[in-house]
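The next block holds one structure in the form of structure tokens; read it before the comments.
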Amino acid sequence: MTSGDPGSAGDSAPAGAGASLADALVGLQELTRRLRRDCPWDREQTARTIVPHTVEEAYEVADAANAGDPAKLLDELGDLLFQTYFLSLLLEEQGEGDLEAVARTVHAKLVRRHPHVFGDAEADSAGRVRERWEAIKTEQEGRAGIFHDVPESLPGLLHARKVQRRAAAVGFDWPGLEGPLAKMREELDEIEAELARAGRPAPETEPDPRVFAELGDLLFTVVNVARVANVDPELALRATSRRFVERVELAERLAGEAGETWAELDLDAQEQWYARAKERLGSAPRS
């Protein structure tokens, strides 16, 4: 078997590892069929009802990876794998494919999109691999248009990054960080001007349309900065939200230990406790 043969990917596996893996995967497939047959809840599910759970499991995988928790990642990957098995079983019931077809399809796709591994093409950097990846999808897979197959169901931050990546794939991109940073400052000035004009709206009312538009522009440019800096904006925002929650909860606890009720304090006092909590936890993000 040559190095260019896709089947050689597992040649270095220890003896018996393949059989053990096959047993585990077939066992999970049989379990999935049993649940679909015998569990009242599983019998009622469709792809539309399952996909929200799939998305949730994907985020839990991301959280575990971002937290650097291997045990949690192992557990969450199992949950996500089960989602793949279950959705594949639904396809099989419809006569539209099965788990084997899913595996063979992605296998063929990955081989096709890695000619620098399984063919004669060259790609000496991760950036070049991504360029080739996008070109192959357009040239070989018949995808029309710059923004082909960008799911509307993606969270807003990820959707923005996806469309920006598609634009960058055809050369419509900043050459460095200076451009998106300058654009972000420009958009910040514009939203400040619109907020000064419109004022603060009453709670639970429609936003000013110009404020709405300018804030969207600002968020889009922030995502662009994140993309150029190789930062996943969704994960970065979630990490910041998590740190904020930890700090506020600690501030409340510290105030309580001092005999004060944090929620009843004025803003200046709350800020003082928050600063102490931030100092206690450390301002740098934790891995």
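Within segment 163-197, if we keep just the residues that are of a type in the set (A, V, I, L, M) and loosely packed, with under 15 Cβ neighbours inside 10 Å, the residue that is modelled with the lowest pLDDT turns out to be V170. For segment 243-266, a residue qualifies if it is among the aromatic types (F, W, Y) and surrounded by 17 or more Cβ atoms within 10 Å (Cβ to Cβ), and exactly one does: W262. Residues of segment 18-64 that are of a type in the set (F, W, Y) and over 30 Å from T240 (Cβ atoms): W41 alone.
Is there a residue being closer than 26 Å to Y59 by Cα, in contact with a helix residue (DSSP H, G or I) (Cβ under 8 Å, 6 or more places away or on another chain) and of a type outside the set (D, E) anywhere in segment 139-149? Looking for residues that are closer than 26 Å to Y59 by Cα, in contact with a helix residue (DSSP H, G or I) (Cβ under 8 Å, 6 or more places away or on another chain) and of a type outside the set (D, E), one finds at least one in segment 139-149, hence yes. Collect the residues in segment 67-87 that are part of a helix (DSSP H, G or I) and touching a residue at least 40 places away in the same chain (Cβ under 8 Å), keeping them in residue-number order. Across segment 67-87, the qualifying residues are L81, F82, Y85, F86, L87. Looking across G179, G216, G171, one residue alone is farther than 30 Å from A64 by Cβ and not in a helix (DSSP H, G or I). It is G171.
Restricting R48, R36 to those that are more than 20 Å from A236 (Cα to Cα), touching a helix residue (DSSP H, G or I) at 6+ places or on another chain (Cβ under 9 Å) and not aromatic (F, W, Y) reduces the list to R36.
The values are calculated or read from the model by the stated rules, or taken from the named source; none is laboratory data. Bear in mind that the values here come from a model prediction, so they are computed numbers and not experimental data. Because the Cβ atoms are built from the backbone with ideal geometry, glycine has one as well, and the counts that use them run over all protein chains shown.
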